[in-house]
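Chemist: Handing you this structure, nothing more for now.
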Amino acid sequence: MTDSRGTVSRRLFVSGMFAALGTVPAAAAGASAGPSARPPGGGAAWESGRRVLRAAPATVSLGGRTVSTWAYDGLLPGPTIRATAGGTVRTRLVNDLPAPTTVHWHGIRIAADMDGAPGLSQRPTQPGGTFDYVFTVPDPGTYFYHSHVGMQSDRGLYGPLIVEDPAEPLEYDQEFTVVLDDWQDGVNGTPDDTLRTLNTTPHDDTLSSHVLGGTSGHVRYPYYLVNGRTADEPTTFVSRPRVRARFRVINAAADTAFRVALGGHRLTITHTDGFPVKPVTVDTVVIGMGERYDFVVTLEAGAFPLMAMAEGKAGRAFAVVRTTPGARTPSPDGAVPELQRRQLAYQDLQARRRDQLRPPSRTVTVTLGWRQGTAGSEWPLNGHLSDDPLRLRVDRGETIRIVMHNDTHMWHPMHLHGHTFQVRTTERGGPRKDTVNVMPYKRISIDVHADNPGEWMFHCHNLYHQEQGMMGLLGYGKPPKRRHVMSH
Ligand SMILES: [Cu+2]
């Protein structure tokens with residue numbers, strides 16, 4: 001049984017099981033078994049007690065084809081970084097890219113100067129340079145890291161960050177990390193080329209809501225990936241029947257939400273954006289860019305499709321969950337009826353009692369807008385673009401409510417750095433999250449407890465929208481220097 005507050009310890013027979021299967025225990029540590037299995041830690045290098053994370057041009061295999069891109073340690077996704085809650089991550093970024101870069105530790109309640117926000121918390125690290133990221137990880141859960149410079153995270157510059165709970169209350173036998181991505185880099189130009197194309201193509205705000213059905217993004221990608229592999233030569237997650245498996249699903253895509261289901265199984269959702277929720281069992285979950293979901297499944301015997309449909313687009317990411325060696329491999333084109341069954345809604349999610357925030361002392365409204373600018377679409381927050389950003393001011397210790405009103409036809413997965421807010425699906429309830437989809441023409445309220453002083457980015461995690469200006473700031477105390485104080 002799932003019991004997010006229970007006392008039953010996780011059964012740790014994982015490495016023994018993998019020995020029996022003739023594969024490596026690293027498969028239990030997040031990498032998939034099968035064609036994309038890799039050695040523990042990806043053969044990480046160390047310098048001065050810091051794990052080296054090397055950002056560099058790389059040639060990677062997506063399965064059937066090979067592409068040139070930018071990646072961490074030559075891997076796609078980047079290496080899984082694991083830590084224990086309360087512990088310290090020590091990572092030395094080595095920038096061997098031909099461009100400045102930073103690493104953002106998405107979702108971590110981090111010290112502001114380690115947040116990797118270029119021009120805000122740090123200067124980007126120049127080509128040939130290094131930067132030491134040293135920070136504690138206060139909260140367990142499923143996170144990820146990615147470049148926060150320009151379009152770089154739409155290349156290969158992302159990887160999982162898993163923070164383990166030393167007193168893990170969730171009972172499971174084995175875990176898999178599932179990283180979803182939309183991919184074009186090295187296939188038909190670069191993400192920067194795509195951004196330039198978007199900026200020179202007139203955008204019809206009235207037409208596309210029908211054509212695209214309120215889609216999460218603009219870009220038709222040639223590939224959608226699970227753990228760096230296409231549907232044609234998919235990742236295989238190897239387990240055994242009756243194993244209780246925890247899936248940590250991360251949407252690292254720039255412009256695509258995914259509708260995820262596992263054929264033949266229901267999903268018991270246990271966490272979103274790292275934080276536990278009261279478990280709820282559904283058939284499918286839609287995951288916006290920057291969001292994460294953990295779910296547990298008791299696996300049946302056979303081989304099953306793990307399907308991630310690109311929401312509002314034609315295309316899919318696909319992997320195989322195999323518990324029986326001889327079972328026929330499912331087709332990426334096969335039907336997965338669970339995709340049409342009960343879908344998780346935010347209203348289904350409830351934080352634990354101890355994670356509930358106090359009622360807010362005040363409310364601010366942020367309107368998510370669109371307008372045609374001289375150089376393409378602009379996506380302002382209360383009329384402000386990132387070059388003159390909306391500045392939300394908070395006092396340390398207060399809780400404020402931000403009501404986001406999406407006045408556009410596109411999704412906006414809004415992400416706040418340095419905090420995990422509470423989505424108010426009811427006046428007193430809702431899940432803790434750091435990224436929330438604000439659907440076309442809808443409103444959503446989040447409460448933010450100001451417990452981590454700094455100047456923090458608050459932005460759309462559609463990378464194209466972010467680069468077209470959809471970025472504000474949340475900061476503590478009096479605004480630094482510039483006069484553009486937030487308006488309500
Ligand atoms: Cu957006």
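The values are calculated or read from the model by the stated rules, or taken from the named source; none is laboratory data. Being a predicted model, the structure only gives us computed values, none of them experimental. Note: ideal-geometry Cβ built from the backbone for every residue, glycine included; neighbour counts use all protein chains shown. Just the protein is used for accessible areas: all its heavy atoms, side chains included, with ligands, DNA and RNA removed. Shrake-Rupley method; radii C 1.70, N 1.55, O 1.52, S 1.80 Å.
Chemist: Show the residue pairs that are 6+ apart or on different chains and have beta-carbon atoms under 7 Å apart, the first residue being within the stretch 177-199 and under 24 Å from residue 248 (Cβ atoms), the second being open to solvent by 30 Å² or more (accessible area, probe 1.4 Å) and assigned to a strand (DSSP E or B).
Modeler: Partner pairs satisfying both residue conditions: 183/223.
Chemist: Starting from residues that are open to solvent by 30 Å² or more (accessible area, probe 1.4 Å) and closer than 20 Å to residue 441 by Cβ, keep the ones in the stretch 375-400 and report whichever is nearest to the ligand (Cβ to nearest atom).
Modeler: Within the stretch 375-400, the match that is nearest to the ligand (Cβ to nearest atom) is 378.
Chemist: Of the conditions (1) within 17 Å of residue 459 (Cβ to Cβ); (2) open to solvent by 20 Å² or more (accessible area, probe 1.4 Å); (3) aromatic (Phe, Trp, Tyr), residue 421 satisfies every one except a single condition; which number is it?
Modeler: In the conditions (1) within 17 Å of residue 459 (Cβ to Cβ); (2) open to solvent by 20 Å² or more (accessible area, probe 1.4 Å); (3) aromatic (Phe, Trp, Tyr), residue 421 misses (2) alone.
Chemist: Here is a follow-up. Considering only the stretch 403-432, state which residues are assigned to a strand (DSSP E or B), within 16 Å of the ligand (Cβ to nearest atom) and either aliphatic (A, V, I, L, M) or within 19 Å of the chain's Cα centre (by Cα) (or both).
Modeler: 404, 412, 413, 414, 415, 416
Chemist: Go through the residues of the stretch 455-473 one by one and say whether even a single one is more than 12 Å from the ligand (Cβ to nearest atom), within 16 Å of residue 362 (Cα to Cα) and surrounded by 22 or more Cβ atoms within 10 Å (Cβ to Cβ).
Modeler: Taking every residue of the stretch 455-473 in turn, none turns out to be more than 12 Å from the ligand (Cβ to nearest atom), within 16 Å of residue 362 (Cα to Cα) and surrounded by 22 or more Cβ atoms within 10 Å (Cβ to Cβ).
Chemist: Give 356, 372 a once-over and let me know the one that is open to solvent by 20 Å² or more (accessible area, probe 1.4 Å) and at pLDDT below 95.
Modeler: 372
Chemist: Follow-up. Quick check on the stretch 441-454: of everything there that is assigned to a loop (DSSP other than H, G, I, E, B) and either hydrophobic (A, V, I, L, M, F, W, C) or within 16 Å of the ligand (Cβ to nearest atom) (or both), which residue is nearest to residue 113 (Cα to Cα)?
Modeler: Step by step, filter the stretch 441-454, then rank; the result is 450.
Chemist: Going by the structure shown, is residue 438 more than 16 Å from the ligand (Cβ to nearest atom) and of a type in the set (A, V, I, L, M)?
Modeler: In short, no.
Chemist: Got a sec? Which of 213, 264, 274, 186 is at pLDDT 95 or above, surrounded by fewer than 23 Cβ atoms within 10 Å (Cβ to Cβ) and not assigned by TED's automatic domain parsing to the domain that holds residue 150?
Modeler: Checking each option against the conditions leaves just 264.
Chemist: Looking at the stretch 115-202, what strands (runs of 3 or more DSSP E) fall wholly within it and have at least 2 residues that are within 17 Å of the chain's Cα centre (by Cα)?
Modeler: 141-146, 158-164, 174-183
Chemist: Further, regarding this structure: Residues of the stretch 43-73 being more than 20 Å from the chain's Cα centre (by Cα) and among the small types (Gly, Ala, Ser), which ones?
Modeler: 43, 44, 45, 48, 49, 56, 58, 61, 63, 64, 68 - these are the residues of the stretch 43-73 that are more than 20 Å from the chain's Cα centre (by Cα) and among the small types (Gly, Ala, Ser).
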